[in-house]
Amino acid sequence: MVQDAPSTPTACLALADGTLFFGRGFGATGETVAELCFNTAMTGYQEIMTDPSYAGQIVTYTFPHIGNTGVNPEDDETGDPVAAGMVVKWDPTAPSNWRSTETLSNWLAARGRIAVGGIDTRRLTRAIRQQGAPHAALAHDPEGNFDTEALIAKARAFAGLEGMDLAKEVTCAQSYRWDEMRWAWPEGYSRQKDPKFKVVAVDFGAKRNILRCLASAGCDVTVLPATATAEEVLAHAPDGVFLSNGPGDPAATGAYAVPMIKGVLEADLPVFGICLGHQMLALALGAKTVKMNHGHHGANHPVKDHETGKVEITSMNHGFAVDSQSLPDGVVETHVSLFDGSNCGIRIADRPVFSVQHHPEASPGPQDSFYLFEKFAAHMAQRARG
């Protein structure tokens, strides 16, 4: 199957099943191979591209207007884009936003990320939903020269994300302190000058805005690499431990992270996990994780809090999920997706340990889920009171 090609195609997207999509390339030139997913968010393309949880993935954007607000350094979730590539419906237009400092295309080119416009993203999204997230090769050549058979072969040769530990590739190289708080008008980002709690955040691919939310909740944050041991975490004498988001298969990362988490649990500290951190907390408690058909990626996902009855509009980015049927006794399911009923939150009964699958720091609600950071702070305050 071949999509109708534009008159001068400069990019080609090849799926492992042999389907070819042609369009107009922008950003960097060259080739990349990854899993292909789709994201339904209407805003936040820069945050999505720089979210470490997208390592090993090419992102298809279902919203057609991508690039029209440009990019700026303040919206990066990490130093450089982590997603392997970008697929959009319409070519990016000149940015129109007072915060913009650079065009999307130039930003991607300078950072080695390939993108393609002019693609039938509705057809592509339907294919992903029906057949699962495919392996794909994306190529950008200004001359339009493509070896399509070779691209299909490269897509088929991609190992996939199951069994892949990507946290080691995106984690910090060494520990560091974090005190920057959430952005607020008109001062922008301010510093936490009166922290009440000492928190160790284990970085499996942490987004900057998660760390900002922790700081805004009164935390003095020390970030440790993904491979940190329980002894290294506890050596900081934290009031609580945070388990961050990240990419890849939680079972693979859990090979070294689960023993660390079990050691922290034995110390009876408050624990809060998000996304990959949620999945690995579940593994440490004896549950299982499973690969999803096409995952959850977007900023419009309704999640129900079983304990309050509240429905939150959340940001999601995950291709694996906790198997709720495998949760052991004493572990309570707190949140579920209203799209498919998959697990979105757990807690240990009668202990200050909890986690969620969605991203409360992204706040598409816009403030629906920030209470989770306040809940973590409340657990630490209660522990301090004895």
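The values are calculated or read from the model by the stated rules, or taken from the named source; none is laboratory data. If you're wondering where the values come from, they're calculated on a predicted model, not measured in any experiment. Positions of Cβ are generated from backbone atoms using ideal geometry, with glycine treated the same way; all protein chains shown enter the neighbour counts. Protein only, heavy atoms only, side chains kept; ligands, DNA and RNA dropped before computing areas. Shrake-Rupley method; radii C 1.70, N 1.55, O 1.52, S 1.80 Å.
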Task: Verdict on Gly298 being under 15 Å from the mean Cα position of the chain (by Cα), within 16 Å of Ser363 (Cα to Cα) and modelled with pLDDT of 95 or more - done: yes
TODO: For the stretch 91-98, indicate whether the set of residues that are small (Gly, Ala, Ser), surrounded by 21 or more Cβ atoms within 10 Å (Cβ to Cβ) and over 24 Å from Ala159 (Cα atoms) is non-empty.
DONE: no
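Every residue, every condition in (1) closer than 30 Å to Val199 by Cα; (2) of a type in the set (S, T, N, Q); (3) free of Cβ contacts under 8 Å to residues at least 24 places away in the same chain; (4) open to solvent by less than 60 Å² (accessible area, probe 1.4 Å), yes or no:
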{"residue": "Gly132", "(1), (2), (3), (4)": "no, no, no, yes"}
{"residue": "Asp147", "(1), (2), (3), (4)": "no, no, yes, no"}
{"residue": "Lys154", "(1), (2), (3), (4)": "no, no, no, no"}
{"residue": "Met164", "(1), (2), (3), (4)": "yes, no, no, yes"}
{"residue": "Ala173", "(1), (2), (3), (4)": "yes, no, no, no"}
{"residue": "Glu180", "(1), (2), (3), (4)": "yes, no, no, yes"}
TODO: Just need a number here: residues in the stretch 186-225 that are in contact (Cβ under 8 Å) with a residue 60 or more places away in the chain, closer than 17 Å to Gly246 by Cβ and among the small types (Gly, Ala, Ser).
DONE: 2
Task: Within the stretch 134-145, considering residues that are surrounded by 13 or more Cβ atoms within 10 Å (Cβ to Cβ) and not acidic (Asp, Glu), the one farthest from Tyr54 (Cα to Cα) - done: Gly144
Open item on the list: Checking the structure you have, find out if any residue of the stretch 316-326 is modelled with pLDDT of 95 or more, farther than 22 Å from Gly160 by Cβ and touching a strand residue (DSSP E or B) at 6+ places or on another chain (Cβ under 6 Å).
Closed with: yes
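Suppose we keep only residues that are among the basic types (Lys, Arg) and at pLDDT 95 or above within the stretch 344-386. Which one would you say is nearest to Ala215 (Cα to Cα)?
Residue satisfying both the conditions and the ranking: Lys375.
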Task: Of all residues in the stretch 352-386 being touching a Pro at 6+ places or on another chain (Cβ under 6 Å) and of a type in the set (A, V, I, L, M), the one that is nearest to Lys198 (Cα to Cα) - done: Met380
TODO: Output the strands (runs of 3 or more DSSP E) that fall wholly within the stretch 268-386 and possess 1 or more residues being open to solvent by 10 Å² or more (accessible area, probe 1.4 Å), or say none.
DONE: 289-305, 311-322, 331-337, 343-348
TODO: Say whether the condition of being among the basic types (Lys, Arg), touching a residue at least 24 places away in the same chain (Cβ under 8 Å) and closer than 21 Å to Leu161 by Cα is met by at least one residue in the stretch 278-296.
DONE: yes
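Identify all residues within the stretch 344-386 that are among the polar types (S, T, N, Q) and without any contact (Cβ under 8 Å) to a residue 40 or more places away in the chain; write none if there are none. Steps first, please.
First, the residues of the stretch 344-386 that are among the polar types (S, T, N, Q): 355, 357, 363, 367, 369, 382.
Answer for the stretch 344-386, where residues must be among the polar types (S, T, N, Q) and without any contact (Cβ under 8 Å) to a residue 40 or more places away in the chain: Gln367, Gln382.
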Open item on the list: Being touching a Gly at 6+ places or on another chain (Cβ under 6 Å) and buried (at least 24 other Cβ atoms within 10 Å of the Cβ) is the filter here; which residues of the stretch 186-243 pass it?
Closed with: Val199, Phe204, Gly205, Leu243
